[in-house]
Amino acid sequence: MFTGLRKVKQPFELGGYLLPAGTVLVVCYPALSVREDLFPNPERFDPDRFYGKKLPPEVWSPFGVGPHACPGQDLALVVSKTVLATIVRKAELKLAQDEIRPIRNAYYYEPNKGLLVTLEKRL
Ligand code: HEM
């Protein structure tokens, strides 16, 4: 839901708002991802938003930016891609639920039923 938590040290202006010292700032990607000026058809599931593209960091930085950006991002990406590639290579996944809705879980969103799938071994 939110990431990149920062606390303002000195007052400054951002987007027309004067932020006093002590203000806590966060980036909210769910809110950014439904902005039509950034993504056409914002409600549509569209992996092409990301595939082969480098979006500007103010639009998409899931690992944060700057000196406190996630130091585990390379590891996380290697592990995620390896796990995904291994599953897709060895098995066929089929959706096993009628409806998928995002529900809020604490500070992030997840599929309402945990994304049920059937897994069949690829021949
Ligand atoms: C998909 C996996 C991951 C995601 C999406 C993720 C995302 C993030 C984000 C958004 C931040 C805050 C960045 C900021 O404040 O600008 C962060 C910080 C951090 N992450 Fe990750 N992370 C992931 C995996 C990992 C892994 C695998 C490790 C360690 C092996 C790790 C270690 C850390 C640490 C130590 C920080 C604090 C950095 C600091 O405050 O200086 N993360 N991560």
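Here's how it looks for Leu19: its modeled amide H is under 5 Å from those of Phe12, Glu13, Leu14, which are all 5 or more places away or on a different chain.
Across segment 109-114, computed HN-Hα scalar couplings (Karplus, 6.51 cos²θ - 1.76 cosθ + 1.60, θ = phi - 60°) run 9, 9, x, 4, 10, x Hz from first to last residue, x flagging Gly and Pro.
For Val117, the residues whose modelled amide H falls within less than 5 Å of its own, excluding neighbours fewer than 5 places apart on the same chain, are Ala96. When the listed pairs Lys7/Lys113; Lys9/Lys53; Lys9/Lys81; Lys81/Lys113; Lys54/Lys121 are checked against a 32 Å cut-off, the alpha-carbon distance exceeds it for Lys7/Lys113; Lys9/Lys53; Lys9/Lys81; Lys54/Lys121.
Dividing the mean sequence gap of close Cα pairs (under 8 Å, 6+ apart) by how many residues the chain holds gives a relative contact order of 19 percent. The orientation-averaged projection of the convex hull spanning the C-alpha atoms of the chain amounts to 10.4 square nanometres. For helix 73-90, report the angle its Cα long axis makes with the longest principal axis of the Cα atoms of the chain; keep it between 0 and 90° and round to the nearest 10°. Around 20 degrees separate the two axes. Accessible area per residue was computed with a 1.4 Å probe on protein heavy atoms; Arg122 scores about 110 Å².
The values are calculated or read from the model by the stated rules, or taken from the named source; none is laboratory data. This is a predicted model, so every value here is computed, not measured. Quick note on the areas: whole protein, heavy atoms, side chains included, nothing else; ligands and nucleic acids left out. Shrake-Rupley method; radii C 1.70, N 1.55, O 1.52, S 1.80 Å.
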